[in-house]
Amino acid sequence: MRGAGRFQHLHRSLLFRYLLILLAALLFIPVIVPLTIMLYTLFGGLTHDAPPKEYAAYSNVGKLEIMWHEEARKLLNQPPEEITRRLRVLSETYHLARIFWVDNGGSTRLITEPSGPPLLEDGPVRPIPADWTAAEAIVFMKDSAVLKPLAIVAFIGDQAEAGEGFMVMQIPEEVKNVKYAAGLDKWYSIMLLVFLIVFVVSSWLFFIMIRRRLLRLQTAMVFTGHEGLPQVVPPGKPDEIGRLEEAFNTMVTELKASLARVAEEEALRKRLVADLSHDLRTPLTVIRSHLHVLGKEALSPRGQSSLELMDQRIESLGILIENLLSYNLLSSGRTLLNLEQRDVLRLLRESAAAWYPVWEKEGFEAEIDLEGAPLYWNIDDSWFRRVMDNLFQNILRHARSGLYVGVFTEVRDGNRVIIISDHGGGLEKSSDSAGAGLGLSIVDLLLKRMELEWSMESTGQGTEVVIWKRSL
């Protein structure tokens with residue numbers, strides 16, 4: 001079963017498919033030669049004139065040599081007249097060739113001229129001397145294999161020791177070079193070229209298919225839907241890319257399910273925060289009213305101190321609940337901001353003036369240095385005041401050790417900025433840092449929605465908040 005599963009897995013593989021293309025190419029190479037011959041026989045032979053039948057006797061030079069030497073062997077110890085007669089008979093059979101023989105005295109005894117094409121079309125033929133010298137005979141015998149026209153030479157009796165001379169058959173150039181399969185090499189080249197084109201096109205289509213599927217998967221990864229998630233791709237063939245597409249679709253499905261769970265949990269959390277905020281504000285208001293009544297009663301100094309501490313803690317709890325409700329509304333997107341071009345320095349002066357009595361009561365030194373020229377930003381009045389209130393509230397709660405608050409403007413990197421600073425011990429050392437974190441989260445949400453940038457640097461020597469307009 002495991003072997004069958006592996007084979008099925010391999011059968012679906014892209015590598016296996018391309019190996020099939022290569023294997024088919026390798027197996028088809030031996031088929032090209034017989035297929036070429038078959039096609040040439042069917043089609044090529046119809047378009048080419050067959051050579052004359054009389055040329056067939058000269059088609060095999062090897063057989064001619066065997067025949068010639070055999071005839072020479074039979075003429076051993078024969079008189080010159082018999083040799084001449086036999087060669088005349090052979091010349092009638094091979095009438096396209098020139099036949100002659102030379103006796104042992106070096107005299108040419110017989111010359112039969114061909115009755116067909118000339119021996120050599122490109123130039124003159126070497127003349128046959130009537131009387132041969134030893135040098136001429138040796139040179140002719142030596143060069144007979146490469147002479148034009150081709151010369152088949154044999155000693156009479158097929159033995160040089162017989163000393164009875166030699167006989168020669170010269171075959172015309174046209175007969176010797178005739179091609180009985182003219183155009184076959186051209187057909188073979190065409191078949192080989194067609195095979196290479198088919199192989200290249202098959203490989204090209206194979207990789208084009210892979211590239212198209214990969215581009216489709218890449219497009220699905222890049223272009224996201226309204227939820228910010230990739231789109232599911234249609235499943236393809238069950239190969240490597242198909243399994244990749246399946247894994248991608250599984251990932252997208254899981255991401256959508258996870259996003260749905262997160263959205264459901266976020267909605268539940270926001271609804272819970274809203275309900276808790278609403279349910280806690282009413283009892284806190286009742287408690288504070290009764291604390292105010294108790295404050296009018298005659299209490300010991302210790303009781304009065306405890307009453308004031310409870311009032312401060314309830315006030316802090318009320319602020320925390322208010323921040324929770326505001327953060328819940330802002331993060332849910334249900335709160336719309338009315339953005340308008342307003343002078344933020346005027347709003348900052350008004351907010352600082354409202355907080356000045358509180359700072360004076362708590363013993364804070366307030367340093368306010370704002371420019372006279374207006375600074376227009378696109379903001380929402382009420383929520384910008386809320387940003388300032390949260391920042392000033394943080395100073396009041398977490399910077400009592402420094403007893404300083406600074407509100408001023410500067411020019412940094414070519415931008416006019418608002419700076420709010422204190423000389424406290426920093427948020428890291430505050431015991432109420434969790435409350436400050438929620439207030440600053442509201443500050444961050446509001447400033448981003450008003451397209452403003454801000455930064456905060458908190459050290460042991462104090463905290464500095466810088467607000468500026470976002471560059472376009």
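Looking at the structure I just gave you, is ARG416 touching a Phe, Trp or Tyr at 6+ places or on another chain (Cβ under 8 Å), among the basic types (Lys, Arg) and modelled with pLDDT of 90 or more? Reasoning before the result, please.
Values: touching a Phe, Trp or Tyr at 6+ places or on another chain (Cβ under 8 Å): yes; among the basic types (Lys, Arg): yes; modelled with pLDDT of 90 or more: yes.
Taking the combined requirement at face value, the residue satisfies it.
For region 7-29, does any single residue satisfy the condition of being at pLDDT below 70, β-branched (Val, Ile, Thr) and loosely packed, with under 15 Cβ neighbours inside 10 Å?
No, region 7-29 contains no residue that is at pLDDT below 70, β-branched (Val, Ile, Thr) and loosely packed, with under 15 Cβ neighbours inside 10 Å.
Quick check on GLU308: is it in a helix (DSSP H, G or I), acidic (Asp, Glu), modelled with pLDDT of 70 or more and over 30 Å from PHE408 (Cβ atoms)? Lay out the reasoning, then the answer.
Numbers: in a helix (DSSP H, G or I): yes; acidic (Asp, Glu): yes; modelled with pLDDT of 70 or more: yes; over 30 Å from PHE408 (Cβ atoms): yes.
Judged against the criteria, GLU308 is a match.
Among the candidates PHE392, PHE408, which residue alone is in contact with a Phe, Trp or Tyr (Cβ under 9 Å, 6 or more places away or on another chain), aromatic (Phe, Trp, Tyr) and not assigned by TED's automatic domain parsing to the domain that holds LEU317?
On the way: PHE408 fails: in contact with a Phe, Trp or Tyr (Cβ under 9 Å, 6 or more places away or on another chain).
From the options PHE392, PHE408, the qualifying one is PHE392.
So for region 222-242 (the condition being at negative phi, modelled with pLDDT of 80 or more, of a type in the set (Ser, Thr, Tyr) and not in a loop (DSSP other than H, G, I, E, B)), does at least one residue qualify?
No, region 222-242 contains no residue that is at negative phi, modelled with pLDDT of 80 or more, of a type in the set (Ser, Thr, Tyr) and not in a loop (DSSP other than H, G, I, E, B).
What about ALA352, is it modelled with pLDDT of 70 or more and small (Gly, Ala, Ser)? Let's see the steps before the verdict.
On the way: modelled with pLDDT of 70 or more: yes; small (Gly, Ala, Ser): yes.
Yes.
Among the residues of region 346-386, what is the count of those that are small (Gly, Ala, Ser) and surrounded by 13 or more Cβ atoms within 10 Å (Cβ to Cβ)? So that I can check it myself, show each step before the final result.
Our first condition is that a residue be small (Gly, Ala, Ser); within region 346-386, this holds for 351-354, 363, 366, 372-373, 382.
Still in the running and surrounded by 13 or more Cβ atoms within 10 Å (Cβ to Cβ): 351-352, 354, 366.
Total meeting the criteria: 4.
Among the residues of region 200-214, is there at least one that is surrounded by fewer than 15 Cβ atoms within 10 Å (Cβ to Cβ), outside the structural domain of MET38 (by TED's automatic domain parsing), closer than 30 Å to LEU27 by Cα and touching a helix residue (DSSP H, G or I) at 6+ places or on another chain (Cβ under 9 Å)?
The answer is no; no qualifying residue exists.
For every residue, the table says whether it meets (1) modelled with pLDDT under 85; (2) part of a loop (DSSP other than H, G, I, E, B); (3) closer than 27 Å to GLY163 by Cα; (4) of a type outside the set (A, V, I, L, M, F, W, C).
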residue: ILE66; (1), (2), (3), (4): no, no, yes, no
residue: GLU70; (1), (2), (3), (4): no, no, yes, yes
residue: ARG73; (1), (2), (3), (4): no, no, yes, yes
residue: GLN78; (1), (2), (3), (4): no, yes, yes, yes
residue: LEU87; (1), (2), (3), (4): no, no, yes, no
residue: LEU90; (1), (2), (3), (4): no, no, yes, no
residue: GLY116; (1), (2), (3), (4): yes, yes, no, yes
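Tell me, which residue of region 119-154 that is at pLDDT below 75, part of a loop (DSSP other than H, G, I, E, B) and surrounded by 14 or more Cβ atoms within 10 Å (Cβ to Cβ) is farthest from the chain's Cα centre (by Cα)?
Of all residues in region 119-154, those at pLDDT below 75 come to 119-126, 141-149.
Retained after the next criterion (residues that are part of a loop (DSSP other than H, G, I, E, B)): 119-126, 143-149.
Right, trim to surrounded by 14 or more Cβ atoms within 10 Å (Cβ to Cβ) and you get 119-120, 125-126, 144, 147-149.
Values: LEU119: 68, LEU120: 66, VAL125: 70, ARG126: 72, SER144: 67, LEU147: 65, LYS148: 64, PRO149: 65 Å.
Top of the filtered list is ARG126.
Just for region 388-422: of the residues that are among the aliphatic types (A, V, I, L, M) and under 53 Å from the mean Cα position of the chain (by Cα), which one is surrounded by the most Cβ atoms within 10 Å (Cβ to Cβ)? So that I can check it myself, show each step before the final result.
Filtering region 388-422 down to residues among the aliphatic types (A, V, I, L, M) leaves 388, 391, 395-396, 399, 403, 405, 407, 411, 417-420.
Okay, now just the ones that are also under 53 Å from the mean Cα position of the chain (by Cα), so 388, 391, 411, 417-420.
Values: MET388: 22, LEU391: 25, VAL411: 9, VAL417: 18, ILE418: 23, ILE419: 16, ILE420: 23.
Per the criteria, the residue is LEU391.
Would it be correct to say that TRP383 is within 52 Å of the chain's Cα centre (by Cα) and in a helix (DSSP H, G or I)? I'd like the intermediate steps shown before the answer.
Details: within 52 Å of the chain's Cα centre (by Cα): yes; in a helix (DSSP H, G or I): yes.
Here the answer is yes, as TRP383 does meet what is asked.
If you go through region 163-179 one residue at a time, how many are at pLDDT 80 or above and buried (at least 16 other Cβ atoms within 10 Å of the Cβ)?
Going through region 163-179 one residue at a time, the tally reaches 8.
Being exposed (fewer than 13 other Cβ atoms within 10 Å of the Cβ), assigned by TED's automatic domain parsing to the domain that holds ALA353, at pLDDT below 85 and not polar (S, T, N, Q) is true for just one of GLY439, GLY460, GLY425. Which residue is that? Explain how you work it out, then say what you get.
Details: GLY439 fails: exposed (fewer than 13 other Cβ atoms within 10 Å of the Cβ); GLY425 fails: exposed (fewer than 13 other Cβ atoms within 10 Å of the Cβ).
Going through GLY439, GLY460, GLY425 in turn, the sole match is GLY460.
The values are calculated or read from the model by the stated rules, or taken from the named source; none is laboratory data. Remember, it's a predicted structure, so these values are computed and weren't measured experimentally. Glycine also receives a Cβ, built like all others from the backbone with ideal geometry; neighbour counts cover every protein chain displayed.
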